[in-house]
Amino acid sequence: MHFPVEKFNLLETPFYYYDTDLLRETLRTISQETGRYSQYHVHYAVKANANPRILSIIREYDLGADCVSGGEIKAVMKAGFPADKIVFAGVGKADWEIKLGLEAGIYCFNVESIPELENIDKLAGEMGKTAPVALRINPNIDAHTHHYITTGLNENKFGISLNHFEKVLDYLPKLSHVHFKGLHFHIGSQIVDMSPFQMLCNRINEIQENLFRRGIVVDVINVGGGLGVDYQTPDQHPVPDFANYFAVFHKYLKLFSQQHLFFELGRAVVCQCGSLITRVLYVKEGENKKFAIVDAGMTDLIRPALYQAHHHIENIVSSRAIESYDVVGPICESSDCFGQNVPLSGTFRGDFIAIRSAGAYGEIMASQYNCRRLPGSHCSDEI
Ligand code: LLP
């Protein structure tokens, strides 16, 4: 990736830098690949990045939005996403959030439990509306990803278990202010091996056969998100392999001709276009290692501290010989470390460091711990 370092000199660090050409290339690829299948639609998972400029670019490519809070619904509506392209998920929707969704006329609520269903029915009744709902089913599939980001196992808090599903179906006709629109699934995130998705397709086929026996064909099957990216070598795979991903569903998932298939991709859309740019404050000699102390910390990008996540790190101004550094931030926590034994070109105070693949779950997860400022953000087409 090319970084306009001369322009960075004028900016306060740390900041997120978004390469909007790469974002657009990614979005074009998604449009092209979903264009092969008339029933496929992508809803961008806003939780990955809700930067207004990023949202408005995504909107240009006609994606819908997958929201998990009232705040996200407001953010996407402000960015111009039409309400009928919004789906609203989450295990704990508050009344004001449900009312906001009903008022706006969103496409559907992805419902995770009977008590939630009852509450939505009650609120919709009070407002004189009918709430479109999809039931989120926990398909009990192991996505073999980090345990903090796996969601489709029985032991996770998400969705309705397969054992309870029949009970929910029997109960649905008793609720007069909800309209049963679809089934929702999500098995986890950062999935790079396609076999869990294949297993998901098989599980959905079984469920659909059972529903068909009961005379039910839903409008929508929503398979969630989860497609992973290459954190190790981002320049080799700047755009994830969407063709292969959609082809798995085409090959293994049986859809009725009138059904729509929704995807909720977050990371795969925005991850590779973003980098966290930080300046080296000090280079400190340790006992037998060197520390590059940078002005970004875990408050700006929490993924390494929280998930032991790997991000490729590079010195974007030095062309000196490679040396090994622990790249650490200024926060008073030992976990405030972006990488150990990172090979960097000889590094000095003032150098710019890029922490790559930070477009997803980066800026949006920033905090003000230690009373720090939130990181800035700049898009390549604006600086
Ligand atoms: N749909 C649902 C219901 C989800 O829970 C998620 C992510 C997505 C879609 C989008 O998944 P994606 O396509 O981005 O994998 N903060 C963590 C990731 C948490 C993911 C939570 N759910 C990280 O930094 O890795």
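FYI, it's all coordinate maths here, none of it is from the lab. What you see is a predicted model; the values in this text were computed from it and never measured. Glycine also receives a Cβ, built like all others from the backbone with ideal geometry; neighbour counts cover every protein chain displayed.
Points worth noting:
- Close amide-amide hydrogen proximity is noted between N138 and I160, S161, L162, each under 5 Å apart and 5 or more residues distant or on a separate chain (H modeled in the peptide plane; Pro and chain starts excluded).
- Hull shadow area, averaged, the stretch 1-155 [alpha-carbon convex hull, nm²]: 12.2 nm²
- Among A134, A360, A75: highest mean-square fluctuation, GNM of the chain, C-alpha pairs under 10 Å: A75
- Among M127, M194, M365, residue whose mean-square fluctuation peaks in a GNM of the chain (springs only between Cα atoms under 10 Å): M127
- Size of the stretch 249-383 from its Cα atoms: along the principal axes, largest to smallest, the extents are 65, 36, 33 Å.
- Karplus-derived 3J(HN,Hα) values for the stretch 192-203, using 6.51 cos²θ - 1.76 cosθ + 1.60 with θ = phi - 60°, are 10, 9, 6, 5, x, 5, 4, 4, 4, 4, 4, 5 Hz; glycine and proline are entered as x.
- Calculated over the stretch 8-78, the projected area of the Cα convex hull averaged across directions stands at 5.9 nm².
- Candidates I216, I355, I106, ranked by Gaussian network fluctuation over the chain, Cα under 10 Å, top entry: I216
- The lysines whose alpha-carbon is closer than 27 Å to the alpha-carbon of K85, local same-chain residues fewer than 8 away aside, are K47, K74, K93, K99, K122, K129, K157, K181, K251, K254.
- Straight-line cross-link partners of K284 among the lysines, defined as a Cα under 28 Å from its Cα and at least 8 positions apart when in the same chain: K7.
- Where N is the number of residues in the stretch 313-378, Cα Rg divided by 2.2 N^0.38 Å: 1.22
- Residues whose placed amide H lies under 5 Å from that of D351, excluding near-sequence neighbours: V280
- Neighbour-count order for R213, R320, R53, R303, fewest beta carbons within 10 angstrom listed first: R213, R320, R53, R303
- Taken over the Cα atoms of the stretch 112-246, the convex hull encloses 130 Å³ per residue.
- For the stretch 196-318: span of alpha carbons on each principal axis (Å, largest first): 70, 25, 22
- 37 Å tail of the calculated P(r), the chain, as % of Cα pairs: 25 percent
- Residues R36, R279 in ascending order of nearby Cβ atoms (within 10 Å, fewest first): R36, R279.
- Antiparallel DSSP beta bridges within the chain, percent to nearest 5: 40 percent
- Neighbours of G64 by Cβ distance under 10 Å: Lys/Arg scored +1, Asp/Glu scored -1, total -2.
- The modelled label-to-label distance between F212 and Y282, using points 7 Å beyond Cα along the C-beta direction, is 6.8 nm.
- Sequence of K99, K157 once ranked by neighbouring C-beta atoms within 10 Å, starting from the fewest: K157, K99
- Residue-averaged 222 nm ellipticity for the chain, from DSSP H runs of 4+ at -39500 (n - 2.57), nearest 500: -8500 deg cm²/dmol
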